Amino acid sequence: MTMTDDRFILDPATRDIHADNERLRAAGPLVPVTAEGVPAWAATRYATLMTVLTHPDLSRELRHWSGRDALPPGTAIDRIVTDTSMLNAEGERHRRLRMPLTAAFSQRRLNGLRPRIEELTARLIDHLAEQPSDQPVDLRLEFAYPLPREVVSELIGIPPEHQDELHRLTDAVAQVGDLEDSPGLRKELHELLDQIIDERRGTPGEDLITDLFRLHEKDGGRLSEDELFATIELLFIAGHVTTVNLITNAIGALLGQPGQLGMLLSGQCPYSAAVEETLRWDSPIAYFPMRYAVRDVELDGVRVRAGEPVLACFASTGRDPDQYGPDADRFDITRTQTQHLAFGHGPHFCLGAPLARLEGEIALRALFTAFPGMRLATPARDLPPLDTLLGNSTRSMPVLLGPRAR
């Protein structure tokens with residue numbers, strides 16, 4: 001991270017995002033930054049971000065951004081802020097778009113999914129057990145990625161005949177394999193998802209696409225065609241990419257802290273504690289755009305002018321010593337204060353949070369129970385980062401599995 005004209009320039013390819021974030025927090029609670037060519041305020045501390053996520057004078061609606069016409073095209077920020085789903089809706093429109101999805105992530109639906117998640121996890125464990133135990137295996141590619149991808153495909157209702165091509169494209173979005181993410185690839189993905197949704201009109205099932213079509217027909221277009229398509233696309237992509245990062249980051253943290261893993265294997269701590277501490281300590285999301293000042297507003301002594309954007313620094317707030325104490329940068333699954341903002345807060349709190357937590361807990365328990373002697377083939381700090389402003393993880397997670405437990 002460099003600094004020009006009193007403004008920090010965020011580097012998507014940084015080798016140490018947490019060192020960058022420490023500098024941001026030291027500079028203040030609300031810091032001027034440049035992100036992918038966009039000037040913005042960065043909310044760096046827990047209390048400040050909590051205020052930003054709930055402040056009535058800060059909106060996700062793009063029309064409030066005075067600098068939107070100068071937005072560089074094809075960037076991660078461009079993809080997020082121009083999304084037409086509930087992601088960037090407010091008030092009544094946000095409630096109208098979000099309400100139909102609550103059933104998809106209800107406790108009843110999750111209880112129904114648990115056996116299938118466990119089955120998919122067991123299949124992946126069996127596949128890992130077939131690999132040479134003394135050769136490195138990339139757990140991001142072979143485990144952390146395919147599990148949430150398969151789960152969200154079933155939840156949404158992706159037909160089997162389209163899954164190979166869809167997975168080829170989403171490999172790039174999740175940054176696994178050799179295919180690079182790009183605006184052209186995103187266009188291909190968008191067109192394929194549109195084709196799948198169109199084809200599913202005549203083939204109802206027990207899935208989210210069917211639920212949304214029924215609501216669309218029953219309520220006489222309460223969800224427009226564009227809103228329906230945008231919603232499904234958002235859920236498919238957001239519904240698995242961040243969970244990939246969560247599982248990858250948890251594996252790296254636990255294998256880098258042998259004493260922590262020992263408490264899980266002995267039963268001293270539940271796997272849910274490892275999931276929550278990973279979400280705090282190494283948030284799957286690095287920075288997330290944007291909220292815009294509807295009118296001039298003062299935040300922690302800083303005046304944000306009407307139309308100026310504010311960037312959420314999720315990975316920074318998870319290590320804020322003002323919130324978590326002087327050892328905030330230490331991974332500790334026995335920590336009593338694990339409340340975090342990794343899934344956001346307020347009206348835009350992540351709908352898929354319960355599913356991500358469930359997948360993370362099932363995945364980690366199965367993996368470390370099967371391979372209790374697993375160790376990192378390369379220290380996590382030496383692995384290449386994702387090279388994206390949004391995601392916080394590594395491009396791979398090579399491990400030596402060791403023998404499978406009997």
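Just so you know, in the stretch 88-112 the residues that are hydrophobic (A, V, I, L, M, F, W, C) and surrounded by fewer than 18 Cβ atoms within 10 Å (Cβ to Cβ) include one that is nearest to LEU358 (Cα to Cα), and it is LEU110. Candidates in the stretch 197-252 are the residues that are not acidic (Asp, Glu) and not in a helix (DSSP H, G or I); of these, the one that is modelled with the highest pLDDT is THR203.
Kindly evaluate THR336 against the criterion of being hydroxyl-bearing (Ser, Thr, Tyr) and exposed (fewer than 14 other Cβ atoms within 10 Å of the Cβ). In short, yes. Filter the stretch 183-199 down to the residues that are free of Cβ contacts under 8 Å to residues at least 40 places away in the same chain and under 17 Å from ILE77 (Cα atoms) and list them by number. Correct list: GLY184, LEU185, LYS187. Put simply, of ALA122, ALA104, ALA26 the only residue that is over 25 Å from LEU235 (Cα atoms), in a helix (DSSP H, G or I) and either of a type in the set (A, V, I, L, M, F, W, C) or touching a residue at least 12 places away in the same chain (Cβ under 8 Å) (or both) is ALA26. Restricting attention to the stretch 253-271, does a residue exist that is surrounded by 24 or more Cβ atoms within 10 Å (Cβ to Cβ) and modelled with pLDDT of 95 or more? Looking through the stretch 253-271, at least one residue is surrounded by 24 or more Cβ atoms within 10 Å (Cβ to Cβ) and modelled with pLDDT of 95 or more. When THR51 is tested against (1) under 30 Å from GLY325 (Cβ atoms); (2) crowded, with 16+ Cβ neighbours inside 10 Å; (3) touching a Gly at 6+ places or on another chain (Cβ under 9 Å); (4) not aliphatic (A, V, I, L, M), just one condition goes unmet, and that condition is (3). When LEU376 is tested against (1) over 28 Å from ALA312 (Cβ atoms); (2) of a type in the set (A, V, I, L, M); (3) at pLDDT below 95, exactly one condition is not met: (3).
Would you call LEU139 under 18 Å from the mean Cα position of the chain (by Cα) and farther than 26 Å from ASP198 by Cα? Taking the combined requirement at face value, the residue satisfies it. Select from the stretch 60-82 the residues that are outside any loop (DSSP other than H, G, I, E, B) and within 21 Å of the chain's Cα centre (by Cα) and list them in ascending order. Those that are outside any loop (DSSP other than H, G, I, E, B) and within 21 Å of the chain's Cα centre (by Cα): ALA76, ILE77, ASP78, ARG79, ILE80, VAL81.
Within the stretch 39-51, if we keep just the residues that are among the β-branched types (Val, Ile, Thr) and over 19 Å from the mean Cα position of the chain (by Cα), the residue that is nearest to ALA26 (Cα to Cα) turns out to be THR48.
Could you check, for the stretch 382-391, whether at least one of its residues is buried (at least 21 other Cβ atoms within 10 Å of the Cβ) and of a type in the set (Val, Ile, Thr)? No: the stretch 382-391 contains no residue that is buried (at least 21 other Cβ atoms within 10 Å of the Cβ) and of a type in the set (Val, Ile, Thr). Remark: pairs (first residue in the stretch 61-84, within 18 Å of ASP11 (Cα to Cα); second residue surrounded by 12 or more Cβ atoms within 10 Å (Cβ to Cβ) and of a type in the set (A, V, I, L, M, F, W, C); Cβ separation under 6 Å; 6+ apart in sequence or on different chains) = ALA76/LEU389; ALA76/LEU390; ILE77/VAL38; ASP78/LEU71.
Check off (1) charged (D, E, K, R); (2) surrounded by fewer than 21 Cβ atoms within 10 Å (Cβ to Cβ); (3) touching a strand residue (DSSP E or B) at 6+ places or on another chain (Cβ under 9 Å) for ARG79 and give me the number that stays unchecked. Condition (3) is where ARG79 drops out.
Against the numbered list (1) surrounded by fewer than 16 Cβ atoms within 10 Å (Cβ to Cβ); (2) of a type outside the set (Phe, Trp, Tyr); (3) under 21 Å from the mean Cα position of the chain (by Cα), THR231 comes up short only at (1). Mind listing whichever residues of the stretch 138-159 are in contact (Cβ under 8 Å) with a residue 60 or more places away in the chain and surrounded by fewer than 21 Cβ atoms within 10 Å (Cβ to Cβ)? Hits for the stretch 138-159 are ASP138, LEU141. Among residues that are within 14 Å of the chain's Cα centre (by Cα), within 20 Å of SER316 (Cβ to Cβ), aliphatic (A, V, I, L, M) and part of a helix (DSSP H, G or I), LEU279 is included. The number of residues in the stretch 254-270 that are part of a helix (DSSP H, G or I) and free of Cβ contacts under 8 Å to residues at least 40 places away in the same chain comes to 3. Of everything listed in (1) under 28 Å from GLU180 (Cα atoms); (2) hydrophobic (A, V, I, L, M, F, W, C); (3) at pLDDT 95 or above, the single unmet condition for ALA370 is (1). Of the residues making up the stretch 344-368, those that are among the hydrophobic types (A, V, I, L, M, F, W, C), out of contact with any Ser or Thr (no Cβ under 9 Å at 6 or more places or on another chain) and not in a helix (DSSP H, G or I) number 1. Out of all the residues in the stretch 354-366, is one or more of a type in the set (Lys, Arg) and surrounded by fewer than 17 Cβ atoms within 10 Å (Cβ to Cβ)? For the stretch 354-366, residues of a type in the set (Lys, Arg) and surrounded by fewer than 17 Cβ atoms within 10 Å (Cβ to Cβ): absent.
The values are calculated or read from the model by the stated rules, or taken from the named source; none is laboratory data. Since the model is a prediction, treat every value here as computed from it, not as a measurement. Heads up, the Cβs are rebuilt from the backbone with ideal geometry, glycines too, and the neighbour counts pull from every protein chain shown.
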